[in-house]
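Just so it is clear, none of the values below were taken in a lab; they were calculated from the coordinates. For clarity, every value in this text was computed on a predicted model and none was experimentally measured. Cβ atoms come from the backbone with ideal geometry, glycine included; neighbour counts cover every protein chain shown.
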Amino acid sequence: MEDIDAIAVLQDPVRRRLYEYVVAQGREVGRNEAAEATGVARTLAAHHLDKLAGAGLLESGSRRLSGRSGPGAGRPAKVYTRARGERSVSLPARDYRTAAELLAEAAERAGLDAGLCAAARRRGEALRGPAGPCGGLEEALETLAARGYEPYREEVEGEAAGVVRMRNCPFHAVAESFPPLVCGMNLALLEGLFGTEGPVRARMDARPGECCVVVEASKNNID
């Protein structure tokens, strides 16, 4: 299916709500849960979830949601997660990914990591504008969400504030080929965006399938 056709599937408002809910969970979601969360009937949710899977926007599988196995455990239920593939549409056609990969390769070969990070930090500061450093983790969540990072707050044992992790890296396609360079750039960008002397700080903490940077409360600054 062409990318434009796949994205067009999200035009239906119910289908889009279901997609956004599944994506936001970061785990497998069953039909009953999705239906209840979005306020639609289970049969309607199942129809739209299968449409999303057919368009390649979700992946589907089956497992026993009860956690039990063997006789009496019941039939496996259908579950859904976000598809690993990336969809984009540009009219007229553009190929920014190839340009980004070529620039990243040239920067890596020339040892321009420090210069790239300095430029990224300046860009983050420019995006922040005249405002002071980020006021706290709740403000950080809103800022990251607006920039497509899909942030969520994770509780950490022994820490009242926890950390903000991100399910999406906006630079994922290039980061796969040039991880140290692009992840360092991403960290510097967020350092510029949030500041380094305020209530929150960005640091590297890579986790498979998520952004390599986390945001946490600075020492003695708890929301």
Selection from Val200, Gly162, Ala120, by position along the positive dipole direction of segment 97-217 (Cβ): Ala120
For the chain: span of alpha carbons on each principal axis (Å, largest first): 58, 49, 34
Between 0 and 90°, nearest 10: helix 42-54 axis offset from the chain longest Cα axis: 60
Relative contact order [Cα under 8 Å, 6+ residues apart], segment 97-217, whole percent: 34
Options Pro151, Gly26, Pro133, ranked by Cα towards positive dipole end of the chain, top entry (Cβ charges): Gly26
Estimated 222 nm signal from helices in the chain, with DSSP H stretches of n ≥ 4 weighted -39500 (n - 2.57), rounded to 500: -14000 deg cm²/dmol
Partnerless Cys - the chain, beta-carbon criterion under 4.7 Å: Cys117, Cys134
Local electrostatic count, Phe178, Cβ distance below 13 Å [Lys/Arg +1, Asp/Glu -1]: -3
Interatomic Cα distance distribution for segment 100-205, bins of 10 angstrom, percent: 15, 44, 31, 10, 1
Between helix 13-25 and the chain: long-axis angle, C-alpha atoms, 0 to 90°, nearest 10: 60
Rounded to 10°, Cα long-axis angle of helix 96-109 versus longest principal axis of the chain: 50
Alpha-carbon Debye profile of segment 3-82, log10 I(q)/I(0) at 0.15, 0.18, 0.19, 0.21 Å⁻¹: -0.50, -0.69, -0.75, -0.89
The chain: relative contact order in percent, alpha carbon pairs under 8 Å with at least 6 residues between: 17
Protection proxy ranking of 93-100, 120-127 - average other beta-carbon atoms within 10 Å, highest first: 120-127, 93-100
